[in-house]
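Each value in this text was obtained by applying a stated rule to the coordinates, not by laboratory testing. Only a predicted model underlies this, so the values are computations on that prediction, with no experimental measurement involved. Don't worry about glycine lacking a Cβ; one is built from the backbone with ideal geometry, like all the others, and counts go over all protein chains shown.
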């Protein structure tokens, strides 16, 4: 018998499908190709930010409709050029929270 890969479809609960249709989910940015481009080294850095808001912050967001995400990067070399892209999305209330450190 030879090995192989297979994929099994898993039916999501109705509320997860409804939340996806309402716009909850993950925003993704286009990952740069790893090929060397003029003036850039191969590879890229990816930062992921997840914010969990209390009820007071949620009220403020409801009024303003905005959040600000700031990411600081530090490298072991002096960067001559740097490109960065970001994405922010509102996650579903049923998305599991990561464990606290």
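Label residue 62 and residue 10 with points 7 Å out from Cα along Cα→Cβ: what is the distance between them in nm?
3.3
Take residue 95 and residue 30, extend 7 Å from each Cα along the Cα→Cβ direction, and tell me the distance between the two endpoints in nm.
Reported label-point gap for residue 95 and residue 30 is 2.3 nm.
Hey, rough spin-label estimate for residue 81 and residue 47, points 7 angstrom out along Cα→Cβ, what's it come to in nanometres?
2.1
Quickly rank 51-58, 71-78 as a protection proxy: mean count of other C-beta atoms within 10 Å, highest first.
51-58, 71-78
Would you mind getting me the FRET efficiency between residue 18 and residue 71? Use the beta-carbon distance for r and R0 = 35 Å, nearest 0.05.
E between residue 18 and residue 71, to the nearest 0.05, is 0.65.
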